[in-house]
Amino acid sequence: MEQRRCPACGVEFATTPPGRGATDWTACPRCRTPLPIVGRRDPPPLFRWEVLPGLYAPPLAIRHPRRSSRRLAGYVVLVAAALTFALAGAVVVYAAQALSPASYTVSGTVYRAASAGGGPLAGATVTLTLTDTGQSRTAVSAANGTFVFGNVPSGGLVVNVTAAGFAPAVLETFLSPVYQGSGGGTSLTFTLAPGAPVNASVTVASPFDTLEDFVASFGAAGVLLGLAAIVMTVAGAVPRRDRRPAIGAVGAAAGFPVPIVLGVLYIGVAVPWMLAAAAVVAALSAFAFAAWLVPLWRDARPPFLDSP
């Protein structure tokens, strides 16, 4: 069976095609207009059925769910925009919380390396430097190798441990109510190996050097996420009411950089759950982008590809 369309009233109906090169006649089921049913020809005819509708039968029309697909893509990208707005608000709240006054007690233990007999190391000099203000404090490890610094404010800090005959150990970390370095920053452990002062080992436990860097990263992330959410909101609202799939595709693509922004600005290091939420935003945006590519391809499809 082949699908036909009446050139007089436009109704579609199915007919059995005649043999190759043969012509048969049938009547339209609605308006009873006589219609020729032409069998397949090889080579194909010179003209299409729109040019000579009385001679050549119309091709099978492929129907696309235009409205439903645009509506679904719009709802999906609006959900992604709402989630992005929530992420933007969260990073701003975290930045504000990091600025709240806080103090910490930084303690730790200094050990000898196994090559030096192991066990706690007494008499090691521990210097704590606040990178935000440049102020330094010094303590000496006790007989059990422990040391304590009280009233340490939020921000970046560098802890330098030295002892005669041992290579120094340096730790760069960060303290705030939101994020305290990798593995925490208030209970530290240092192991000194025999060596010269030039053989110091440096451990970086945080990508943030100062409190200003932390707040700047979260603030920049909030601005970028807010802009992406606005673009996605427009993309979700406009194409559903107006046939502009290009706006929808471009707007949906605004959700792709959301995980990249959180990764580049180290937001995912400080707040891992936000990186997982950003991956959901990117997945929803990819679905909407693919849904809007279909009408874009259909509109840009060359006419000769539709020839029978």
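Below are the figures for this structure:
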| read-out | value |
| --- | --- |
| F149 long-range amide H proximity, modeled H, under 5 Å | V106, S107 |
| Most to least packed among 260-273, 278-291 [average Cβ atoms within 10 Å] | 278-291, 260-273 |
| Inter-site label distance for T127 and Y75 at 7 Å from Cα along Cβ, in nm | 6.4 nm |
| Potential extension, M1-S115 segment - 0.36 nm per residue separation minus Cα distance | 32.4 nm |
| Stretchable slack from A246 to R30, in nm (0.36 nm times residue separation minus alpha-carbon distance) | 73.9 nm |
| Pair V280, N144: separation of 7 Å Cα→Cβ label points (nm) | 4.6 nm |
| Kirkwood hydrodynamic radius (C-alpha pairs) into Stokes-Einstein, segment 103-208, 25 °C and 0.890 mPa s, D in µm²/s | 178 µm²/s |
| Table column - 3J(HN,Hα) (Hz), segment 76-89, Karplus curve with 6.51, -1.76, 1.60, x for Gly and Pro | 5, 6, 5, 5, 5, 5, 4, 5, 5, 4, 5, 5, 4, x |
| Spin-label model distance (nm) - T203 vs I37, 7 Å beyond Cα toward Cβ | 8.4 nm |
| Distance histogram in 10 Å bins (all Cα pairs of segment 151-264, percent per bin) | 13, 27, 21, 16, 12, 8, 4, 1 |
| Net charge of neighbours whose Cβ lies under 14 Å from the Cβ of P29, counting Lys and Arg as +1 and Asp and Glu as -1 | +3 |
| Whole-angstrom gap from segment 86-120 to segment 161-184, using each part's C-alpha centre | 8 Å |
| Taking segment 151-210 and dividing mean pair separation by its residue count, relative contact order in percent (alpha carbons under 8 Å, at least six apart) | 42 percent |
| Directionally averaged shadow of segment 165-219, computed from the convex hull of its alpha-carbon atoms, nm² | 4.4 nm² |
| FRET E, pair A290, A82, Förster distance 22 Å, beta-carbon r, rounded to 0.05 | 0.65 |
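Values quoted throughout were computed directly from the atomic coordinates according to the rules given, and no laboratory measurement underlies them. Keep in mind the model is a prediction, meaning the values are calculated, not measured. So basically every Cβ, Gly included, is an ideal-geometry build from the backbone, and we count neighbours across all protein chains shown.
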